[in-house]
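Notes follow the structure.
The values are calculated or read from the model by the stated rules, or taken from the named source; none is laboratory data. Computed from a predicted structure; not experimentally measured. Don't worry about glycine lacking a Cβ; one is built from the backbone with ideal geometry, like all the others, and counts go over all protein chains shown.
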Amino acid sequence: MANYICVTCGTQHAETEAPPPSCLICDDERQYVPAAGQRWTTLDAMRRTFAATFRHEAGVLGIGTAPSFGIGQRALLLRTPAGNVLWDCVTLIDDAMVEIIQALGGIAAIAISHPHYYTTMVEWSCRFGDAPIHLHAADRQWVMRPDACVAFWDSETKEILPGITLIRAGGHYAGGTVLHWEQAGPEGKGALLTGDILQVTADSRFLGFMRSYPNFIPLGAAAVRRVAASVSPFAFDAIYGAFWDRVISRDARQALDASVARHIDWLGRGALE
C-alpha cells in the first residue's frame with residue numbers, strides 16, 4: 001500500500017495497493033494529462049532524486065524543490081509572534097526540511113490557495129504536530145487524501161492567527177483563497193499571498209486572472225471583479241504570487257486595479273483586434 005503522487009500536478013492520493021487509474025485534479029480542464037499519459041511516484045522515490053531549496057523573497061521565506069516538480073510552485077513560511085503559517089505547499093517533504101523549519105519555530109497552521117497546491121499537505125501536517133490545514137469548503141471535492149487534520153471553513157473570511165486572515169476570492173476555483181498578512185511586505189504595509197488566484201506576471205508589474213493557465217482559459221469579467229472586490233477591504237502594498245521571483249513589492253493595489261481594468265478591456269475588444 002502506498003500514497004501515490006501524480007507526477008504532473010504533485011497531488012498525493014489516499015493509500016492504495018496500486019496507482020489510481022487517473023488523477024482527478026489533472027483530468028479537470030484547469031489542469032492536463034500529458035500526451036505521454038498519467039504517471040505516478042511516491043515520496044520515498046522523490047527523496048532519492050529531489051532536494052529542498054530555501055530562499056528569502058522580500059522578507060518571506062520561500063520553500064521550493066530542485067529540480068522543479070509538478071506545477072513548480074514554491075511554498076512560503078510566514079513567521080509571526082503567534083506561530084508560523086505554511087502558505088501553499090510543495091510535494092517534497094523530508095527530514096532535512098522538517099529539521100530546518102522546526103529550528104525556525106515549526107508550523108502552527110497550514111493554508112492553501114487552491115487544489116493544485118494541496119500536494120502532500122497531510123504529510124506536512126503530520127510532521128508538524130497535526131497542524132490544522134485550512135481549506136475552503138467549496139473545494140472539498142478536490143481533496144484526494146482526506147484526513148482529520150483538514151479544517152474546512154465556509155465563510156467569506158477567516159482569521160487563523162492574529163493578523164493572518166484567509167479571504168475567499170473564488171476565480172480560479174470556487175474556494176480560491178488569498179491570505180492577507182496585516183504587517184507583512186518590505187515596508188510592513190500589509191501583503192496578499194495569492195497563489196494562482198491573482199497570478200503575478202513575469203515582469204512583477206501586473207496580475208493575471210485565469211480559469212486555466214496551461215489551457216489558456218481566461219476568467220470572465222464578473223469573476224475578475226469578484227476577486228478584486230474580495231480583497232478591496234484589506235490594506236496591502238505587496239503581493240506574493242505562486243512562483244519564485246513573482247512578487248510585487250510595492251504599490252500592489254495600484255497594480256491590481258490596473259490589471260483588472262486591462263483584463264476586462266481585452267475581454268471586451270479581443271474579438272475585434
State whether one or more residues within the range 17-24 are within 30 Å of D251 (Cα to Cα) and among the hydroxyl-bearing types (S, T, Y). no
For the range 215-273, name all the residues that are more than 22 Å from L166 (Cα to Cα), in contact (Cβ under 8 Å) with a residue 60 or more places away in the chain and among the β-branched types (V, I, T). I217
Would you mention how many residues in the range 81-108 are hydrophobic (A, V, I, L, M, F, W, C), closer than 26 Å to C9 by Cα and either assigned to a loop (DSSP other than H, G, I, E, B) or at pLDDT below 95 (or both)? 6
Can you give me the number of residues within the range 216-232 that are surrounded by fewer than 16 Cβ atoms within 10 Å (Cβ to Cβ) and among the aliphatic types (A, V, I, L, M)? 4
Being under 19 Å from the mean Cα position of the chain (by Cα) and either within 19 Å of R47 (Cα to Cα) or not in a loop (DSSP other than H, G, I, E, B) (or both) is the filter here; which residues of the range 1-26 pass it? I5, C6, V7, T8, C9, G10, T11, Q12, H13, L24, I25, C26
Taking the range 227-241 only, how many residues are over 19 Å from the mean Cα position of the chain (by Cα) and assigned to a helix (DSSP H, G or I)? 1
Hey, can you tell me all the residues within the range 188-202 that are at negative phi, of a type outside the set (S, T, N, Q) and either at pLDDT below 95 or under 13 Å from the mean Cα position of the chain (by Cα) (or both)? K189, L192, L193, D196, I197, L198, V200
If I filter the range 180-203 for residues that are closer than 19 Å to C26 by Cβ, in contact (Cβ under 8 Å) with a residue 12 or more places away in the chain and surrounded by fewer than 20 Cβ atoms within 10 Å (Cβ to Cβ), do I get at least one hit? no
Consider the range 244-258. How many of its residues are buried (at least 16 other Cβ atoms within 10 Å of the Cβ), of a type in the set (A, V, I, L, M, F, W, C) and part of a helix (DSSP H, G or I)? 3
Just a yes or no: is a residue in the range 207-214 without any contact (Cβ under 8 Å) to a residue 12 or more places away in the chain and not aliphatic (A, V, I, L, M)? no
Residues (at negative phi, in contact (Cβ under 8 Å) with a residue 24 or more places away in the chain and in a loop (DSSP other than H, G, I, E, B)) located in the range 62-80: F69, I71, Q73, R74, R79, T80
Flag if A138 is farther than 22 Å from P81 by Cα, of a type in the set (A, V, I, L, M), exposed (fewer than 15 other Cβ atoms within 10 Å of the Cβ) and more than 13 Å from the chain's Cα centre (by Cα): no
Extreme residue, surrounded by the fewest Cβ atoms within 10 Å (Cβ to Cβ), among residues of the range 30-59 that are within 19 Å of the chain's Cα centre (by Cα) and at pLDDT 95 or above: H56
Consider only pairs whose beta carbons are under 6 Å apart and that are at least six residues apart or on different chains; among these, list those whose first residue lies in the range 1-21 and is at pLDDT 95 or above and whose second residue is of a type in the set (S, T, N, Q) and not in a loop (DSSP other than H, G, I, E, B). N3/Q12; I5/Q12; I5/T41; V7/T41
